[in-house]
1. Can you tell which of Gly65, Gly107, Gly46 shows the greatest fluctuation in a Gaussian network model of the chain with Cα springs below 10 Å?
2. Near Asp27, within a Cβ-to-Cβ distance under 11 Å, what is the net charge of the other residues, with Lys and Arg +1 and Asp and Glu -1?
3. List the lysines whose alpha-carbon lies under 20 Å from that of Lys110, not counting same-chain residues fewer than 8 positions away?
4. Can you give the relative contact order of the chain as a percent, counting alpha carbon pairs under 8 Å and 6+ residues apart?
5. Decide, for the range 1-128, between rounded, prolate and oblate: order the square roots of the alpha carbon gyration tensor eigenvalues as a ≥ b ≥ c, take rounded if a/c falls under 1.5, and otherwise choose prolate if a/b is larger than b/c, else oblate.
6. Only sites in a loop by DSSP and with at most 15 other Cβ atoms within 10 Å count here; which trypsin sites (Lys or Arg not before Pro) in the range 75-121 make the cut?
7. Comparing Gly36, Gly21, Gly58, which has the greatest mean-square fluctuation in the GNM of the chain with Cα pairs linked when under 10 Å apart?
8. Restricting things to alpha carbons, find the Rg to Rh ratio for the chain using the Kirkwood radius for Rh.
Amino acid sequence: MGTGPSPLISLRHVGKSFANGAVRALDDVSFDVRPGEFVSLVGPSGCGKTTLLRLINGLIEPDEGSVEVMGVRPRPGPDLAMVFQSARLLPWRTITGNIEFALALRGHPKPEQLRRSKALLAAVGLRDFAEAFPHQLSGGMQQRVGLARALAVEPKVLLMDEPFAALDAMTREVLRGELLQMWSRRRMAIVFVTHDIDEAVLLSQRIVLLRPRPGRIDEIVDVDLPEPRWEADPRLLPAFAALRAHLWDRIQTMGRSGLELDELARAFPDGDV
Ligand SMILES: Nc1ncnc2c1ncn2[C@@H]1O[C@H](COP(=O)(O)OP(=O)(O)O)[C@@H](O)[C@H]1O
Ligand SMILES: [Mg+2]
């Protein structure tokens with residue numbers, strides 16, 4: 001896999017099946033994520049993106065092959081944080097309370113919880129909502145809280161599963177910029193799942209393109225676009241258009257099966273379709 005710094009995350013020949021082997025979710029998947037790198041996993045619904053995130057954070061284990069984070073089998077802990085499509089906040093706790101709870105679970109003492117939740121809420125522009133409850137916030141604001149909660153533990157790896165998919169276009173655009181700025185300041189590694197090609201090209205340094213049934217790597221693509229990308233919009237560059245066209249081309253070769261699964265996923269956004 002070349003030279004350079006040793007990988008933070010390393011997957012080797014990973015295979016995973018569900019339903020007693022009836023569903024081959026992943027087959028012979030190998031890739032690395034380097035420290036501080038922003039990698040997107042892209043592909044039609046059912047190609048195993050969420051399964052890959054669950055393998056990386058140690059929620060499930062591979063049937064074949066190996067998954068390592070910092071050289072060992074991943075286990076839930078402060079090195080890994082996850083952000084989902086909806087923030088999944090505790091409705092009976094304030095915004096501050098939600099972040100403090102995540103920190104308490106990881107053994108941080110009370111003053112530290114307060115200090116960190118204050119700093120993070122300021123960083124995501126929610127200082128004035130510290131004592132609000134989740135239902136008083138818009139979807140975009142709730143996602144900001146989810147991001148703040150994930151970053152509060154200062155993870156080395158941030159795993160994001162279609163974090164902006166449920167937001168309106170304008171909010172999505174704003175949060176993408178904020179995420180990039182946050183990433184450039186903190187430089188944790190990000191593994192970002194999306195089925196939005198433009199979003200993947202816009203945000204990431206590398207794209208792992210997957211194809212479904214069984215979930216396999218189609219291609220790993222380097223995204224050589226100028227940084228920082230929230231300042232000059234790379235979507236106006238010919239290189240962006242070329243990359244986007246290439247990825248769409250690859251996806252066309254995947255045929256109808258992927259698109260049908262996509263319809264199902266839209267009908268059951270939270271289900272394992
Ligand atoms: N817990 C599960 N039980 C049964 N099948 C599952 C489970 N999790 C995922 N799958 C199946 O594995 C495949 C990959 O799923 P998933 O990782 O959710 O794909 P993606 O996130 O790319 O849409 C799909 O066919 C899905 O139905
Ligand atoms: Mg998924």
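1. Highest fluctuation among the options: Gly107.
2. Local charge sum for Asp27: +2.
3. Reachable lysines: Lys118.
4. After rounding, I find 26 percent.
5. It comes out prolate by the Cα gyration axes.
6. Arg88, Arg93, Arg106
7. Looking only at Gly36, Gly21, Gly58, the biggest GNM fluctuation is shown by Gly21.
8. 0.96
Bear in mind that the values in this text are calculations on the coordinates, not laboratory data. Just so you know, these numbers come straight off a predicted model, no measurement behind them. In this analysis, Cβ positions are derived from the backbone assuming ideal geometry, glycine residues included, and neighbour counts consider all displayed protein chains.
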